[in-house]
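Please read the structure below before turning to the comments.
Just so it is clear, none of the values below were taken in a lab; they were calculated from the coordinates. Everything quoted here is computed from the prediction, not taken from an experiment. Cβ coordinates were reconstructed from backbone atoms using ideal geometry, including for glycine residues, and neighbour counts include every protein chain displayed.
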Amino acid sequence: MKILVLNCGSSSIKYQFIDTDSRDALAKGMVERIGMSSAVLTHTPLGKEKIKIVGEILDHSIAIEYVIAVLLSKNHGVIKDKKEIDAVGHRVVHGGETFSGSVLITDHVMKALKENIELAPLHNPPNIKGIQAVLEHLPNTPQCGVFDTAFHVKMPAKAYLYGIPYELYKKYKIRRYGFHGTSHRFVSEQAAQLLGKPLEELKIITAHLGNGASIAAVNGGRSVDTSMGFTPLEGLLMGTRCGDMDPSVILYIMGKEGLTLSEANTLMNKHSGLIGLSGESSDMRELEQAVAEGSKKAKNAFDVFTYRIKKYVGSYIAAMGGVDALVFTGGIGENSTEVRKAVCEDMDFLGINLDQEKNLSREELLISSEDSKVKVMRIPTNEELVIALDTEEIVKEQLVAQSVE
Ligand code: ADP
């Protein structure tokens, strides 16, 4: 099947057009600055020249129209007819407690997505706009929603409940949801394949380290705990997010600096983390460069980042009663030899032994030493492929159900 995978943000849409048989992305692209007269569409078709179009794209509907047009275009396109788009799969950030797996988008699902807006006020509205735009331009094409939260929804109550009055959980659904679920699911499955063992028999810790970062404990193929929480702010230190801290800290700063709720939110989400601590950059590559040049603040930020990952690894080993594999993924996890080295340092007492040479290689996926009890891996994530494969499965099931009726 050929599936259009969409990740709709408030002013951008990332897309990939994936052939699920070959698992190739036939085209990749992005529309940025939606809502402006100088919006930019960048489109890279497989084996053809990349193009960039600048023009007025005022809303998501027009953006989707452009995406379809460029997929059909004579010189840069990859299809001849809209009908070749068999289905559309959307990355949806928040499925709340409603969705524990991917679903076909129906009126009922749209209603539930709208009910979850309060939980993800920044992310779910553009996801909904994207679905509506596709409905306008491809009214007969099935659409599916794949949720960032779904993989974590069934974690045990002891992992998802916060220590606040229980009524507040019931009233406002305040609990740990976790995010990056598609990635944690994908790399844990890949790790099992690499080890040649059934996922059901493995205890795996997956560290998705990108601009946003989270870590998950995956026991027998199920997420049993993860570091992001009610929102993606909790847990690891991130590019611009603070991650874990005493909640009183923010109340104290708000009092001292006279911050509004919105300003406090911006402080924790946009000006903290690596950029906040280092004052240099939120980007790990630049930060590593600054460390090499002797910046103490950059070193502090790097140390807090890696130390916190190390602490989570330890706690998840305890939570699962052991671990078979530790997987690094995301832009930092896949590429930063320094981060992996720092996280795994002095962990041999837990059976974690990194092979320093393999860690430096860009090809090796298994990077622990031969005698390491815990297998350490770097596995490139591919959330778009998961969305395409889930969408294909749901659409095929739907076709079978219709043929039975
Ligand atoms: P996002 O969460 O936005 O998808 P990515 O997964 O692409 O982000 O990760 C971006 C991060 O990966 C940046 O901090 C970037 O510096 C880091 N990164 C990419 N390549 C390297 C590298 N070779 N060494 C260290 N960090 C890297």
ask   = How are the C-alpha pair distances of the chain spread across 20 Å bins, as whole percents from the shortest bin up?
value = 25, 57, 17, 0
query = Relative contact order of segment 172-240: what whole-number percent is it, with Cα pairs under 8 angstrom and at least 6 residues apart?
reply = 33 percent
ask   = So which aspartates and glutamates pass the test for residue 311, namely a Cα distance under 15 Å, with those fewer than 8 places away in the same chain ruled out?
value = 225, 234, 244, 303, 345, 346, 348
remark   = Given unit charges at Cβ for Lys, Arg (+) and Asp, Glu (-), the dipole magnitude of segment 292-405 about its Cα centre in debye, nearest 20, is 760 debye
key: Stretch gain in nm, segment residue 266-residue 110, where the contour uses 0.36 nm per residue and the Cα spacing is subtracted   = 53.2 nm
ask   = Which of 275, 131 comes first, and how do the rest follow, when ranked by fewest Cβ neighbours within 10 Å?
value = 275, 131
ask   = Where the only charges are on Cβ atoms (+1 Lys, Arg; -1 Asp, Glu), what is the dipole of segment 21-74 about its Cα centre, to the nearest 20 debye?
value = 220 debye
ask   = How many angstrom lie between the C-alpha centres of segment 1-45 and segment 119-197?
value = 21 Å
message = Students often check this: by mean Cβ neighbours within 10 Å, which of 394-401, 111-118 ranks highest, and how do the rest follow?
response = 111-118, 394-401
key: Among 148, 225, 107, residue whose mean-square fluctuation peaks in a GNM of the chain (springs only between Cα atoms under 10 Å)   = 107
query = What order, most packed first, do the peptides 155-161, 255-261, 211-217 have when packing is the mean number of other Cβ atoms within 10 Å of each residue?
reply = 211-217, 155-161, 255-261
ask   = How much of the DSSP beta bridge set in the chain is antiparallel, as a percent to the nearest 5?
value = 70 percent
request  = Please tell me the relative contact order of the chain in percent, rounded to the nearest whole number, where contacts are Cα pairs under 8 Å and at least six residues apart.
outcome  = 14 percent
ask   = From the residues 6, 369, 328, which one has its Cα farthest along the dipole of the chain in the positive direction, the dipole being from +1 and -1 charges on Cβ of Lys/Arg and Asp/Glu about the Cα centre?
value = 6
ask   = What dipole magnitude, in Debye to the nearest 20, does segment 34-117 give about its Cα centre under +1 on Lys/Arg Cβ and -1 on Asp/Glu Cβ?
value = 320 debye
query = If the cut-off is a Cα-Cα distance under 28 Å, which lysines reach residue 50, setting aside same-chain residues fewer than 8 apart in sequence?
reply = 2, 14, 28, 74, 80, 82, 83, 129
remark   = CD proxy, 222 nm, the chain: helix-only mean residue ellipticity via -39,500 (n - 2.57) per DSSP H run with n ≥ 4, per residue, nearest 500, stands at -12000 deg cm²/dmol
Sequence of 324, 246 once ranked by neighbouring C-beta atoms within 10 Å, starting from the fewest = 246, 324
Net charge over other residues, Cβ less than 11 angstrom from the Cβ of residue 286 (K, R count +1; D, E count -1) = -3
task = Return 311, 74 ranked ascending by Cβ neighbour count within 10 Å, so the fewest neighbours appear first.
result = 74, 311
request  = Indicate, rounded to the nearest 5 percent, the antiparallel portion of the DSSP beta bridges found entirely in segment 83-238.
outcome  = 70 percent
message = Pairs of alpha-carbon atoms within less than 8 angstrom and 6+ residues apart define the contacts here; what relative contact order does segment 37-99 have, in percent?
response = 23 percent
